[in-house]
Structures are given as C-alpha cells and as structure tokens.
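Chemist: Dropping a structure here in structure tokens format, bear with me for questions.
The values are calculated or read from the model by the stated rules, or taken from the named source; none is laboratory data. From a predicted model like this one, the values you see are computed outputs, not experimental measurements. Cβ placement follows ideal geometry from the backbone for every residue including glycine, while neighbour counts extend to all protein chains displayed. All accessible areas refer to the heavy atoms of the entire protein, side chains included, with ligands and DNA or RNA removed. Shrake-Rupley method; radii C 1.70, N 1.55, O 1.52, S 1.80 Å.
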Amino acid sequence: MSRGVAILGSTGSIGTTALRVLARHGDRFHVAALTAFANATLLREQAEIHHPKFVGVVRNGSPHPRAWKDGASCLVEAAEHPDVQIVLNAIVGAAGLDATLAAVRAGKRVALANKETLVVAGELVEAACREGGGEIVPVDSEHSAILQCLAGRAVTDVRRLVITASGGPFRDWPRERLERATIADALQHPTWRMGRKITIDSATLANKALEVIEAHFLFGLPYDRIEVVVHPQSVVHSMVEFVDGSVLAQMGVPSMELPVLYALTHPERVPDTGVPPFDPVELSPLTFERVRTADFPALRLGIEAGRAGGAAPAVFNAANEQAVALFLEGRIPFAGIPRAIAAALESLAGAAGGSRDALLAADQEARRLVRQSFP
Ligand code: NAD
Ligand code: MG
C-alpha cells in the first residue's frame, strides 16, 4: 500500500530533493501534505504536480488559495493528518519541534532533517516516541551512514562513532583570515549545496556540534564515544567502530537523495538511481584530518552544551540561529558567531530544561541576549 508522506519545508533544499526522490517512487509513496514558510509560488507549483490533500503556508498574510491552511499551526496539522504516515521534517531551526513531537506522539515515522529538533529537546522527543510509538529516522547524511553501518546491532556492540566533517570553506584558512571572512566566503561550501543557515553552520562547525548532539540522542552513546574527524571529500559519510575493533563506513558520492530515500524505506533498500555512479579511483584520494578545534570554537561550545544537558543545548542552538541571522544581515562578523554563542551559554548557565515550555523560554531568552549584545 502506498504510504502518505508530509514534507514540512517542501520549498527548501531538502524539501525539493525529497520531491525529486518521491517522483521516482510513486508506487510506494504519495505526497500527502506540503508546507512552506512563505514561498507560495513554488508551493503552488508543487501542489499542482503532486496533489497533496493538505497544503499549509506558515507566514500569515502570504496570499494563497482558499483551501490552504496558514499560520505556524499548519505544521502540527500536517503532521497529524490522517493521510500522513511519514513526516519528512525539512524545516530549518527550532520551529520544527512541535511538528516532530506531534508526529511521534501520533505513532508516525519522522524522517528527520531538522536536527535542531533533537538538539533543543532530545529527551522530550525520546519520551514522545515511547509514549506514542513513533520513531525518528535520520536524514542527515552522517546519521544515515551510522544507521546503515549499525544495521540493527545493539549499542553494546559499539565502541565509538566517528562522524565525518567536510571542514567547510575555511578548513585551511589561517585564524587571522577567519576574522575577515565575508558572507559570500562563508556561503561557498566545497562539497554540498544546501540552505543558507546550514551552510553557515558548516563554516563555523556549529553544524558538527549539532550533529554530535543529534547522534547522542539517536544512538544513545555518551559524548566521549562520539568523535569528529575532518574528511574534505565528503565521500565517507561516517563510521562505526565496534567493540572487536572492526570499523564499518558508509560511502557514496555526496548527494542527499540517498539519505532522504533511506529514511523513507529503512530498514528496507529499494532500487534507485538518485546517487551518481561510485568510482573509487575517480574519487581518490580520500583523506582525513584532525579538527582545528581552537580555531572553530563553535564545535567545542556545542559539545560542552550537550554534556551539560538541561536547557544548554537549546541555548546553544537558539544563540547560534540568532547569530547566524545577524551574520547573514551583515551585522556581525564571522568570528562574532561563536562569541555570541559563548556569551549566551555563560549568561544562561543553569537555565531550566525539562519541559517544552521551559526549553522554548530558554530559546527565546538566548535569542534576546544575542540581539541585545549586537543592537
Ligand atoms: P532551506 O532553508 O533550504 O529550507 C528550509 C525550509 O523550511 C523551507 O521550505 C522553508 O519554507 C521552511 N521554513 C523555514 N523556516 C520555517 C519556519 N519558521 N516555519 C516553518 N517552515 C520554515 O534549508 P535546508 O538546507 O533544506 O535544511 C532544512 C533542515 O535540514 C535543516 O535543519 C538542516 O540542518 C537540515 N539538513 C539539510 C541538509 C541539506 O543538504 N540541505 C543536509 C542535512 C541536514
Ligand atoms: Mg550532516
């Protein structure tokens, strides 16, 4: 039977990738719901092609057909829609949290690109999965790689996860030059074409911090058994070291089509043509380097926030979201992003977590602090 998929954030980089993937797999899946933030023109084109039962646009006041829903509540409505069995959450930022919680509480699969959800509220999402019988299957390429390497093995078989990082556009820039990096420099990702926010996160390495926290919650390993290594070619998507010393890696030409498809079909594999042919000679050499931790402080700040727990990961995420927005508006320098995160984490150390409302209060407070320090 064809399974209904809701794509939250269908107009974005992951959302449009997912529609390409789904167009090839109409025998297994149908597009049941689409939502976007504001791009009603593209959303309308997508709706005309895929005929979803539900369409929602988040920004109030965006002109749209009468049958569409609007406002932020359309995300939860799409997630809970009876024709939806799988929710592909491809929203950017903490705004994706409620839809993830609603979907897993309703017993659905969430194919999760929106890693910020797990960073802000990993424990609540785990509890909601237990409560409602839903599950999270990662779309992030590194976590998809780990899931594929684990192949159902228990975490007690695992010694260590090794998450690969491209290193971003500034991998070999000296520290002094980083101070003067421009918006255009930071948006030049060497191996992936993605939305602007994650592209900046890849330049600061905040993205890898988010991914370490994401891996901690997805796979249940403590932080001292999750490592990051730089791999500039983005061909090895991550590795799992087992207790006997054997290391499995998942490889492929960089393309989000495979992890998107796998998140829909896991644990099955289905024939597909989304990933370009793999030629190891053509892709050579594959190299690995240590992370320049001192020059990219956002990575350490995020992992420390993960270890601290409580509201600290939510504060890290919110401060980062706000600082990235200010950087993209040209109001703070590149090196101001980790500085803003560090200041927010320091001011809000000990902020309470525990509930959705407490976490979102910490999120709001962190954003306010960052805006206030850069008026
Ligand atoms: P994007 O900016 O290209 O797209 C974001 C989508 O979310 C758009 O459809 C937009 O309309 C919608 N959106 C934005 N803000 C919203 C809000 N407040 N409420 C509701 N909808 C909103 O981003 P992207 O690159 O596709 O990334 C989406 C998520 O996937 C992020 O969490 C990112 O970290 C993750 N991710 C992306 C990639 C990639 O290759 N692009 C890879 C791994 C993980
Ligand atoms: Mg990733």
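Chemist: Could you list, in sequence order, all residues of the range 277-292 that are over 14 Å from GLY168 (Cβ atoms) and modelled with pLDDT of 95 or more?
Modeler: Taking the range 277-292 first, the residues over 14 Å from GLY168 (Cβ atoms) are 277-288, 290.
Matches in the range 277-292: PHE278, ASP279, PRO280, VAL281, GLU282, LEU283, SER284, PRO285, LEU286, THR287, PHE288, ARG290.
Chemist: Let me ask another. So which residues in the range 152-168 are more than 15 Å from ligand 1 (Cβ to nearest atom) and in contact (Cβ under 8 Å) with a residue 24 or more places away in the chain, if there are any at all? Before the answer, list the steps.
Modeler: Within the range 152-168, the subset more than 15 Å from ligand 1 (Cβ to nearest atom) is 152-162, 167.
Answer for the range 152-168, where residues must be more than 15 Å from ligand 1 (Cβ to nearest atom) and in contact (Cβ under 8 Å) with a residue 24 or more places away in the chain: GLY152, ARG153, VAL155, THR156, ASP157, VAL158, ARG159, ARG160, LEU161, VAL162, GLY167.
Chemist: Would you mind telling me which numbered condition in (1) closer than 18 Å to SER141 by Cβ; (2) under 18 Å from the mean Cα position of the chain (by Cα); (3) at pLDDT 95 or above HIS231 fails?
Modeler: In the conditions (1) closer than 18 Å to SER141 by Cβ; (2) under 18 Å from the mean Cα position of the chain (by Cα); (3) at pLDDT 95 or above, HIS231 misses (2) alone.
Chemist: Could you check, for the range 128-136, whether at least one of its residues is near ligand 1 (Cβ under 10 Å from one of its atoms) and modelled with pLDDT of 95 or more?
Modeler: Narrowing the range 128-136 to residues near ligand 1 (Cβ under 10 Å from one of its atoms): none.
Within the range 128-136, not a single residue is near ligand 1 (Cβ under 10 Å from one of its atoms) and modelled with pLDDT of 95 or more.
Chemist: Something else now. PRO52 versus (1) in contact with a Leu (Cβ under 6 Å, 6 or more places away or on another chain); (2) away from ligand 2 (no atom under 16 Å from the Cβ); (3) closer than 28 Å to ARG356 by Cα; (4) assigned to a loop (DSSP other than H, G, I, E, B): which is the lone unmet condition?
Modeler: (3)
Chemist: Here is a further query. Tell me whether the range 9-23 contains one or more residues that are away from ligand 1 (no atom under 13 Å from the Cβ) and either more than 23 Å from THR199 (Cα to Cα) or not in a helix (DSSP H, G or I) (or both).
Modeler: Yes - at least one qualifying residue is present in the range 9-23.
Chemist: Hey, could you check the range 29-43 for residues that are in contact with a Pro (Cβ under 7 Å, 6 or more places away or on another chain) and among the small types (Gly, Ala, Ser) and say which is nearest to ligand 1 (Cβ to nearest atom)? Can you show your working first?
Modeler: In the first step, residues of the range 29-43 are kept if they are in contact with a Pro (Cβ under 7 Å, 6 or more places away or on another chain); the result is 31-34, 40.
After this cut, where a residue has to be among the small types (Gly, Ala, Ser) as well, the list is 32-33, 40.
Numbers: ALA32: 17, ALA33: 13, ALA40: 10 Å.
My answer is ALA40.
Chemist: Working only within the range 297-320, note down all residues that are surrounded by fewer than 24 Cβ atoms within 10 Å (Cβ to Cβ), assigned to a helix (DSSP H, G or I) and not aliphatic (A, V, I, L, M).
Modeler: Residues satisfying the conditions are PRO297, ARG300, GLU304, GLY306, ARG307.
Chemist: Any chance the range 275-296 includes a residue that's assigned to a helix (DSSP H, G or I) and closer than 22 Å to GLY122 by Cα? Working first, answer last.
Modeler: Start the filter on the range 275-296 by keeping residues that are assigned to a helix (DSSP H, G or I), which leaves 280-283, 293-295.
If we keep only those that are closer than 22 Å to GLY122 by Cα as well, we get none.
Among the residues of the range 275-296, not one is assigned to a helix (DSSP H, G or I) and closer than 22 Å to GLY122 by Cα, which makes the answer no.
Chemist: Considering every residue within the range 228-236, establish whether at least one is open to solvent by 50 Å² or more (accessible area, probe 1.4 Å) and under 24 Å from ALA323 (Cβ atoms).
Modeler: No; the residues of the range 228-236 include none that is open to solvent by 50 Å² or more (accessible area, probe 1.4 Å) and under 24 Å from ALA323 (Cβ atoms).
Chemist: May I ask you to list the residues in the range 140-151 that are of a type in the set (A, V, I, L, M, F, W, C) and within 16 Å of ligand 1 (Cβ to nearest atom)?
Modeler: Looking only at the range 140-151, we keep the residues that are of a type in the set (A, V, I, L, M, F, W, C), and these are 145-147, 149-151.
Across the range 140-151, the qualifying residues are ALA145, ILE146, LEU147.
Chemist: A further question on this structure: Being more than 14 Å from ligand 2 (Cβ to nearest atom), touching a residue at least 40 places away in the same chain (Cβ under 8 Å), closer than 15 Å to PHE334 by Cβ and crowded, with 18+ Cβ neighbours inside 10 Å narrows it down to one of LEU205, LEU178, so name that one. Before you say what the answer is, go through the steps one by one.
Modeler: Details: LEU205 fails: more than 14 Å from ligand 2 (Cβ to nearest atom).
Being more than 14 Å from ligand 2 (Cβ to nearest atom), touching a residue at least 40 places away in the same chain (Cβ under 8 Å), closer than 15 Å to PHE334 by Cβ and crowded, with 18+ Cβ neighbours inside 10 Å holds for just one of LEU205, LEU178, which is LEU178.
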